[in-house]
Amino acid sequence: MSGGLTDAGVAELARRLRAREVSAQELAQAFGQRIEAQAALGAFLARDEALTLEQARAADARLAAGDAAPLLGVPIAHKDIFVTRGWPTTAGSKMLQGYQSPFDATVVQRLAEAGCVTLGKLNCDEFAMGSANENSAYGPVRNPWDRGRVPGGSSGGTAAAVAARLLPAATGTDTGGSIRQPASFCGVTGIKPTYGVCSRYGMVAFASSLDQAGVMARSAEDCALLLSAMSGFDARDATSAQRPPQDYAQAMRTARQGAAAGKPLQGLRIGLPQEFFPAALAADVGGAVRAALAELQKLGATLVDVSLPRTELSIPVYYIIAPAEASSNLSRFDGVKFGFRAAEYADLLDMYKKTRAQGFGAEVKRRIMIGTYVLSHGYYDAYYLQAQKLRRMIADDFQACFERCDLIAGPVAPSVAWALGQQRDPLQDYLADIFTLPASLAGLPGMSVPAGFAASAGSGGLPVGLQLIGNYFQEGALLHAAHALQQATDWHLKEPPGSLRSPPPEGVSAAWERPGAAEEPTL
Amino acid sequence: MALTPQDVGRIAHLARLELSAAEEAAMLQQIGGFFGIVERMSAVDTGGVEPLYTPLSAVQAVALRLRDDVVTEGDERAANQRSAPLVEDGLFLVPKVIE
Amino acid sequence: MSALLIRGYEVVIGLETHAQLSTASKIFSGAATAFGAEPNTQACAVDLALPGTLPVMNRGAVERAIRFGLAVGATIAPLSIFARKNYFYPDLPKGYQISQYEIPVVQGGRVDFLLGEQKKSVRLTRAHLEEDAGKSLHEDYHGQSGIDLNRAGTPLLEIVSEPDMRGSAEAVAYARALHTLVVWLAICDGNMQEGSFRCDANVSVRKPGAPLGTRREIKNLNSFRFLQQAIDFEIQWQIDRLEDGLAIEQATVLFNPDTGETRAMRSKEDAQDYRYFPDPDLPPLVIAPDWVARVQGDMPELPAVMAARLQRDDALPADDAAMMTQSLPFARFYEATRDACGQPKLAANWLMGEVSKRLNAAGLSIEAAPVSPAQLAALIARVVDGTVSNNGARQVFEALWSGDGSEVDALIEAKGLKQMNDSGALAAIVAEVIAANAKSVDEYRAGKDKAFNALVGQVMKASRGKANPAQASELLKKALG
């Protein structure tokens, strides 16, 4: 099968499909074969060849009938946190093994209506809780750039699949960085829109006031195409923003006023929060980010120093609010109405406790415990209420920044992808979320844009992401800046260098065949 | 504030989680460590600050949207119970409920 | 407060009443609320808390809460918050109940009612919107319980009173007044058998002047009789304990109608910690003044207001006025009858007498009465103009009720109940009676009034009951000089 096909992005494939140079069925088969060949990446949790081809045939019929829907016939896949009628939905948890949803998530339904063909469901951390995809009950996902490393999380399957050319684009969700961080670790482009832009209906809930659907692809343009189709008001989600449908590809292409040729970002003020460039920032990461910022300057952007003084506080604030909401959202998993129930139990209470003890993984239990504790009698004000007040202060800090700049830029994560299978202290992972949490708490749109590769010996060749944060509903401006950068650079076009054929690096072989590495309580 | 083993037991019961001794010990240590960084948060003066329960209310008034009182859902019992652990006569079965 | 004491103790009662709101669809989903469907056929994905589902608030439920708030003179909160009440129970699909905690939609208010002759008033703390739970069916499924979630998500208005009641009779009178009100407002069907209106009673006792005693909460009382029995038993039980020098522990108890006793709930034994927090799926409920004004605009006249008007304008006694306003249809029936015959007191008498007697006997509500206000009014008119006697009127009513006829005058004719108003014919009969009863005539002239009554009786007899007694005695007097 021609690698050309699977190397092409969404826009290019859509063009070829409309030109009838290739059929949706051919594409589905081509990517299907590639997915099979790369099964060892662990990116997919569910596939259904017949169902996929049925969708492809329908897309071909619409194409033959002259239907010009922009995504008609384009193959994608969904993070397994979105419920789907056709494929089982597990949310990466034993609790939902084999669960069949009677309905499709709104995001899934809209992309299907736009003509996308679904290749299957993508691996993720259990209930989207994690930043390495090692909390999946169905085994880890490997980073295509170095199979001995994690792809990031929680949308690890999405990032790995896009990076490895198993599909041109896929959906993800971002609660505290779950799109931006894996996109950064795998060198792909990812966007998490403003809270409320994509419907949460049909997303297995983790933290309701933070969860937001988004997309990863290999370019800002491809992200824009999918985001336009999957976003928009949904009456089934009371927190869905009531706005007219947006054409993000159009917004992305719209030239800035007074922008000269070669200077598409003329007049764009990019704020650099000092807190995003601490001494502790890995030199690899800092270097790549500054290089990308220099490119943005060449394109006409000016860099402004700003401050987000509560950046560090966003860690405790997030890790109180998210577990609190999660502890309540996950109470429905009780072995009564759907999903897993323990095989043996003495009575009702015992059924609850054993079902939840056996059905949830270690990290999920940990967060349920934290969330239950901070909401429990006598602690609510000191923890949950205090965190929600700080959350407003953090959101206000952003508004103060946006007085002085149009976009905010910085690293996505303090480091590149780390080795798979180390028994990391969960607290260590929480601290590594420091740069993605502030925008999540404020509900602001954020992107990860490939910004080159680490140069140091230890992590040589691993991708680094540049984080761009916009004000509410400024997805168009984010995509415009990212697109301009990608027109001028080729970091986003780089393919994992033969890593798909290379054996795992020394020392991580132990981690090779360890599905569900996070099942036992880890330290 | 220090987390005690009693706290862990009480919370696990509230959350309906059966924890092994090893898990409880790990929880005590890990959650305890987490609350170490939480203390920094507690020190901040948030007097007069309104909590931000839903993000968009940071910049605009957010009001609950209401739906009209019309029946839109029919009987989907068969599909809805497809993944149920234990069903009989259309009822979900559970160990005897004592009121 | 009344000084009513029981065995030297003052009783303190507060009620929490759950009124199911009469919406077509559920509070957070588009599933139907109709009672009695096959198990789980009216529990949609949202009601079952299937992964990925989200709640969307029903405007009809909010509107009904506003109606209630206005009816009890409460404050309608311009902004109220939905919160999650977290606990595990098989009939609670999400593992939390969406309710209102810190800021309810209805704040304050009061309910006025009659306890016998006494005017009483109970203050309300609040009324908040929440979702109902499903049902656990305890018929044995091989040692297990069956869960039916059809009721899950049915909108409830929980009406919380202040501990203002001082006895079971007062508590029942308050509950009845509240029941009348929510049905009158058409926000609740009031069907207690189906659980549409249920009360939890918080009961404590204390020596007069002492601080409040520890209360025990009796759950889910779904009839006024059970409410009375449960409270009475609980009062005696608590006093017995205190008299034995034992302490009352706060508890949630159930009333067993078979034994008439209360017992602590096992499922509530471990102290609850509900971990309330604002539901992140539901932004604040905002109620604009113009919405409140619109609801105020189409509020019906309230029962208390109408009763006062009937006493004032129709000169009805308080009891009659209360009876006429027992329900909106009953009041409408009364007013239609009154307007058609112009006889308020007679209309009220017939409704409290014949009509209520037959309705109760047949277990019918006024809407189902086979006799219309127009027919009743026509009948009353014929009594007033002397065409038919009260006795005859009852026979006509019987015929109307049993459907033997529908036209009042025709029935009077057919049954020959028309009173004789032709003074010529009656005068002839009077003359015959005087001639045929010389003895009675003499006795009357000798001053014996009884003799006169005997003569009237003879006239009635001779006229086969058709004579108008008043007219008969009048003619007799004249004839006897």
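The values are calculated or read from the model by the stated rules, or taken from the named source; none is laboratory data. Just so we're clear, the structure is a prediction, and the values are computed from it rather than from any experiment. Please note: Cβ atoms are built from the backbone with ideal geometry, for glycine as well, and neighbour counts cover all protein chains shown. Protein only, heavy atoms only, side chains kept; ligands, DNA and RNA dropped before computing areas. Shrake-Rupley method; radii C 1.70, N 1.55, O 1.52, S 1.80 Å.
If you go through the stretch A:38-50 and keep only what is touching a residue at least 40 places away in the same chain (Cβ under 8 Å), small (Gly, Ala, Ser) and open to solvent by 10 Å² or more (accessible area, probe 1.4 Å), you end up with A:40, A:42, A:46.
Scanning the stretch A:301-326 for residues that are surrounded by 17 or more Cβ atoms within 10 Å (Cβ to Cβ) and in a loop (DSSP other than H, G, I, E, B) yields A:301, A:308, A:310, A:311, A:312, A:313. Note on the stretch B:81-99: residues that are charged (D, E, K, R) and facing chain A (nearest Cβ under 8 Å) amount to 2. Selection within the stretch C:277-315: residues that are touching a residue at least 24 places away in the same chain (Cβ under 8 Å) and among the β-branched types (Val, Ile, Thr). The member of this set that is farthest from residue A:175 (Cα to Cα) is C:295. Checking each residue in the stretch B:36-81 for being in contact with a strand residue (DSSP E or B) (Cβ under 7 Å, 6 or more places away or on another chain) and either in contact (Cβ under 8 Å) with a residue 60 or more places away in the chain or aliphatic (A, V, I, L, M) (or both) picks out B:63, B:64, B:66, B:70, B:71. A count restricted to the stretch A:51-78 and to residues that are open to solvent by 50 Å² or more (accessible area, probe 1.4 Å), among the aliphatic types (A, V, I, L, M) and within 27 Å of the chain's Cα centre (by Cα) stands at 0.
Checking every residue in the stretch A:441-453 against the condition of being farther than 18 Å from residue A:277 by Cβ and either in a helix (DSSP H, G or I) or among the β-branched types (Val, Ile, Thr) (or both) gives at least one match.
Of the residues examined, residue A:90 is one that is within 14 Å of chain B (Cβ to nearest Cβ) and either touching a strand residue (DSSP E or B) at 6+ places or on another chain (Cβ under 6 Å) or open to solvent by 10 Å² or more (accessible area, probe 1.4 Å) (or both). Inclusion of residue B:78 among residues that are modelled with pLDDT of 95 or more, within 7 Å of chain A (Cβ to nearest Cβ) and either in a helix (DSSP H, G or I) or within 27 Å of the chain's Cα centre (by Cα) (or both) is not warranted.
Among residues of the stretch C:340-356 that are under 15 Å from residue C:393 (Cβ atoms), those with a beta-carbon under 6 Å from a residue that is part of a helix (DSSP H, G or I) and open to solvent by 20 Å² or more (accessible area, probe 1.4 Å) at least six positions away or on a different chain give the pairs C:341/C:381; C:347/C:338.
Taken together, C:451, C:472, C:438, C:425 contain a single residue that is touching an Asp or Glu at 6+ places or on another chain (Cβ under 7 Å), small (Gly, Ala, Ser) and open to solvent by less than 60 Å² (accessible area, probe 1.4 Å), which is C:451. The condition (being more than 12 Å from chain C (Cβ to nearest Cβ), open to solvent by 40 Å² or more (accessible area, probe 1.4 Å) and of a type in the set (D, E, K, R)) is satisfied by just one residue among A:298, A:365: A:298.
Within the stretch C:17-57, being on the phi > 0 side of the Ramachandran plot and open to solvent by 20 Å² or more (accessible area, probe 1.4 Å) holds for one residue alone: C:36.
For the stretch A:249-265, give me each residue that is touching a residue at least 40 places away in the same chain (Cβ under 8 Å) and either of a type in the set (Val, Ile, Thr) or farther than 30 Å from residue A:69 by Cβ (or both). Within the stretch A:249-265, A:254, A:259, A:260, A:265 meet the criteria. Within the option set C:317, C:329, C:373, being buried (at least 20 other Cβ atoms within 10 Å of the Cβ), outside the structural domain of residue C:99 (by TED's automatic domain parsing) and not hydrophobic (A, V, I, L, M, F, W, C) holds for one residue only, C:373.
Of everything in the stretch B:1-42 that is among the polar types (S, T, N, Q) and not in a helix (DSSP H, G or I), the residue that is farthest from the other protein chains (Cβ to nearest Cβ) is B:4.
Residues that are hydrophobic (A, V, I, L, M, F, W, C) and out of contact with any strand residue (DSSP E or B) (no Cβ under 6 Å at 6 or more places or on another chain) within the stretch A:55-81 comprise A:58, A:61, A:63, A:64, A:65, A:68, A:69, A:71, A:72, A:74, listed in sequence order. For the stretch A:266-286, state whether one or more residues are within 23 Å of residue A:463 (Cα to Cα), open to solvent by 20 Å² or more (accessible area, probe 1.4 Å), part of a helix (DSSP H, G or I) and touching a residue at least 40 places away in the same chain (Cβ under 8 Å). Checked against the condition, which is being within 23 Å of residue A:463 (Cα to Cα), open to solvent by 20 Å² or more (accessible area, probe 1.4 Å), part of a helix (DSSP H, G or I) and touching a residue at least 40 places away in the same chain (Cβ under 8 Å), the stretch A:266-286 yields at least one hit. On the given criteria, is residue C:86 over 28 Å from the mean Cα position of the chain (by Cα) and not β-branched (Val, Ile, Thr)? Yes.
Screening the candidates A:357, A:387, A:400, A:395 for the property of being open to solvent by 10 Å² or more (accessible area, probe 1.4 Å) and facing chain B (nearest Cβ under 9 Å) yields one hit, A:357.
The residue list C:234, C:261 contains one member that is surrounded by fewer than 17 Cβ atoms within 10 Å (Cβ to Cβ) and more than 30 Å from residue A:376 (Cα to Cα), which is C:261.
Selection of first residues in the stretch A:389-411 that are over 26 Å from residue A:451 (Cα atoms) and of second residues that are open to solvent by less than 20 Å² (accessible area, probe 1.4 Å) and basic (Lys, Arg), restricted to Cβ pairs under 9 Å at least 6 apart or on distinct chains, gives an empty result. Of the residues making up the stretch C:38-68, those that are facing chain B (nearest Cβ under 8 Å) and among the small types (Gly, Ala, Ser) are C:43, C:45, C:60, C:61. The lone criterion from (1) open to solvent by less than 50 Å² (accessible area, probe 1.4 Å); (2) in the same structural domain as residue C:364 (by TED's automatic domain parsing) left unmet by residue C:398 is number (1). Selection of the stretch B:54-75 for residues being facing chain A (nearest Cβ under 7 Å), in a loop (DSSP other than H, G, I, E, B) and open to solvent by less than 60 Å² (accessible area, probe 1.4 Å) yields B:54, B:64, B:65. Considering the stretch A:93-103, the residues that are surrounded by fewer than 24 Cβ atoms within 10 Å (Cβ to Cβ) and not aromatic (Phe, Trp, Tyr) include one that is farthest from the other protein chains (Cβ to nearest Cβ), namely A:94. If the condition is being in contact with a Gly (Cβ under 7 Å, 6 or more places away or on another chain) and surrounded by fewer than 16 Cβ atoms within 10 Å (Cβ to Cβ), then the stretch A:250-265 contributes only A:258.
Just one of the numbered conditions (1) surrounded by 23 or more Cβ atoms within 10 Å (Cβ to Cβ); (2) small (Gly, Ala, Ser); (3) closer than 16 Å to residue A:321 by Cβ is not true of residue A:382: (1).
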